[in-house]
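The values are calculated or read from the model by the stated rules, or taken from the named source; none is laboratory data. Every value quoted in this text rests on a predicted model; they were computed, and no experiment measured them. Quick reminder, even Gly has a Cβ in these numbers, built from the backbone with ideal geometry, and neighbours come from all protein chains shown. Remember, those area values only see protein heavy atoms, side chains included, never the ligands or the DNA or RNA. Shrake-Rupley method; radii C 1.70, N 1.55, O 1.52, S 1.80 Å.
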Amino acid sequence: MTKQFEFSPEVVEEINYLRYNHLAPLVQRRIDAIRLKAYGRLHKEIAEIIGITENTLRDYFELYEQGGLEKLKEIHYYQPESELKEHIVSLEAYFRAHPPATIKQAQHEVEVITGVVRSETQIREFLKKNSISVAEK
């Protein structure tokens, strides 16, 4: 069954604005799908014009049904949390008391203290993010 929406002139105006002026391309694409729907385009045409599948288009319409344009503007990127997060206080205290000479040494100490194995690059980013310096030459 094809979804039917009623769009007030104010909503159409906001749709036309957000289509080009929202910072996230994903949101622009969602808004453009709704815009084309407001102009009575068929779902197959909308999906083809925007370059998405009809299933994705249905997802956009469901978002719109759930919360209008505000719901379409929501973006939820998955960002996994580091296993080191729960050890951050103890690691920070340890490294401030015993500054590592190299990233390799820091990597080893993190593994011994926490049991968490990470690459040198990941350890370097962890130290940098937490403002812990390494006296590496």
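Give me the extension gain from residue 121 to residue 41: residue separation times 0.36 nm, minus the current Cα-Cα distance, reported in nm with one decimal.
So the chain would gain 23.8 nm between residue 121 and residue 41.
7 Å from Cα along Cα→Cβ at both residue 114 and residue 62: what's the point-to-point distance in nm?
3.6
Among [x] 64; [y] 53; [z] 58, which one is percent of Cα pairs over 18 Å apart computed from these coordinates?
The value computed from this structure is option [x].
Mind jotting down the distance between the C-alpha centroids of segment 78-137 and segment 1-47, whole Å?
Answer, in whole Å: 47.
Can you tell me the relative contact order of the chain? Whole percent, Cα pairs under 8 Å, sequence separation 6 or more.
Normalised by residue count, the contact order of the chain is 16 percent.
Starting from the Cα of residue 81, step 7 Å along the direction of its Cβ; do the same at residue 12; then give the gap between the two resulting points in nm.
For the pair residue 81/residue 12, the computed spacing is 4.7 nm.
Keeping every protein chain present and rolling a 1.4 Å probe, give me the accessible area per residue for the chain in Å².
Accessible area per residue, the chain: 69 Å².
Could you sort 99-112, 29-42 so that the peptide with the highest average Cβ count within 10 Å comes first and the rest follow in order?
So the peptides 99-112, 29-42, ranked by packing, come out 29-42, 99-112.
Roll a 1.4 angstrom probe over the protein heavy atoms and tell me the percent of accessible area of the chain that is carbon or sulfur.
50
When we measure straight from the Cα of residue 37, which lysines land under 23 angstrom away, once same-chain ones fewer than 8 places off are left out?
Straight-line reach from residue 37, under 23 Å: 3, 71, 73.
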